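*Asks:* If you scroll down you'll find the structure; I have some questions about it.
The values are calculated or read from the model by the stated rules, or taken from the named source; none is laboratory data. Given the structure is predicted, the values throughout are model-derived calculations rather than measurements. Here Cβ is always computed from backbone atoms with ideal geometry, including for glycine, and neighbour counts include all displayed protein chains.
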Amino acid sequence: MEPCWEYFHCIKDKCVMFGRRDVMCWTVEGTLCNNEAAAYCRFSSSGCKREACEQSRCIYLAAALAQDGMRH
């Protein structure tokens, strides 16, 4: 699957994910995405980015899981 910044046509070049293809965004802290998961993780001490992405129903994570047949 394409990286999140391509999927969303993102132009936030200061984001830690911008231009990267080596990791998935739900494994990286400090992203600048606008979804609820990112906001939750910025204020959470649990460091559970993927869980937060799942709970906020991030459309990128859902699409990646569906495409790759990943399990929750």
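*Asks:* For the list (1) at pLDDT below 90; (2) in a helix (DSSP H, G or I); (3) exposed (fewer than 13 other Cβ atoms within 10 Å of the Cβ), I need the number of the one condition that Gly47 fails.
*Replies:* (2)
*Asks:* In the set Ala52, Ala37, Ala63, which member is small (Gly, Ala, Ser), surrounded by 12 or more Cβ atoms within 10 Å (Cβ to Cβ) and at pLDDT 90 or above?
*Replies:* Ala63
*Asks:* Tally the residues that are surrounded by fewer than 17 Cβ atoms within 10 Å (Cβ to Cβ), assigned to a loop (DSSP other than H, G, I, E, B) and modelled with pLDDT under 90, restricting the search to the range 1-34.
*Replies:* 6
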